[in-house]
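A short worksheet on the structure shown next.
Please treat every number below as a calculation from the coordinates, not as lab data. Please read these numbers as outputs of a predicted model, since none were measured by experiment. Because the Cβ atoms are built from the backbone with ideal geometry, glycine has one as well, and the counts that use them run over all protein chains shown.
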Amino acid sequence: MEERYIDNLLTQWEENYKKGLLSFWLLLLLAQRKAYPYEIKAAIEQLSQNTISADDNSIYRALNRLAETGVVNSEVLPSETGPSRRYFFLTDLGRELLTRFITRNILVFEHPQVAELIQKTISSGK
C-alpha cells in the first residue's frame, strides 16, 4: 500500500512539474533549430529522454503564448513533402530569456553543494 501511495504522489508531482517545464523544453529545442509543431512533440520527448510528453494542443497553446510575448516568432517555409509549414524559432528576446532561465534555475543543480545533496539523497534512498 505504501509503495502505491508513493507512486501516486510522485505521479501527481511529476504532472505539475512537467506542465511548468514544457516552455523550457520548447525554448531549448528552438534555440537549436527552427521547428514546426508536428515535429516538436517527438523532438521534446527525445531531448527530455521521454520524461516530457505533450499533446498537440498543449504545444500549440504554448507556442502561441510565447509568440504573443515576443519570445518566439514563426515563418512559413516550403516543404519537400507537402504543403508549406509554419516553422517556429527563438527571437533575440527568447534567447536572452532562455539563457537567464538556465542560469538562474538549471545551473544551480551543478553547484557542488547542491550536487552533493542530490547524490546523498539518491544514495540514502537505495
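Quick one: angle between helix 2-32 and the longest Cα principal axis of the chain, in degrees between 0 and 90, rounded to 10, please. Relative to the chain, helix 2-32 is tipped by roughly 30 degrees. On a 0 to 90° scale, report how tilted helix 37-47 is relative to the longest principal axis of the chain, with both axes built from alpha carbons and the result rounded to the nearest 10. Compared with the principal axis, the helix lies near 30 degrees. For the chain, the longest principal axis of the C-alpha atoms and the axis of helix 92-101 are separated by about 0°. Remark: region 2-91 carries a charge dipole of roughly 420 debye about the Cα centre, counting +1 on each Lys and Arg Cβ and -1 on each Asp and Glu Cβ. For the chain, modelled as a GNM whose springs connect Cα atoms under 10 angstrom apart, the maximal fluctuation among GLU96, GLU116, GLU45 occurs at GLU116. Projecting the Cα atoms of GLN49, SER74, LEU117 onto the dipole axis of the chain, where Lys and Arg carry +1 and Asp and Glu carry -1 at the beta carbon, places SER74 farthest toward the positive end.
Which FRET efficiency, nearest 0.05, do GLN119 and SER79 yield, Cβ-Cβ r, R0 35 Å?
Numbers: r = 46 Å, r/R0 = 1.33.
Rounded to the nearest 0.05, the efficiency is 0.15.
At the listed q of 0.10, 0.12, 0.14, 0.19 Å⁻¹, the Debye profile of the chain, built from one uniform point per Cα, gives log10 I(q)/I(0) equal to -0.42, -0.58, -0.74, -1.12. Extending 7 Å from the Cα toward the beta-carbon at both SER58 and THR11 defines two label points whose distance is 1.5 nm.
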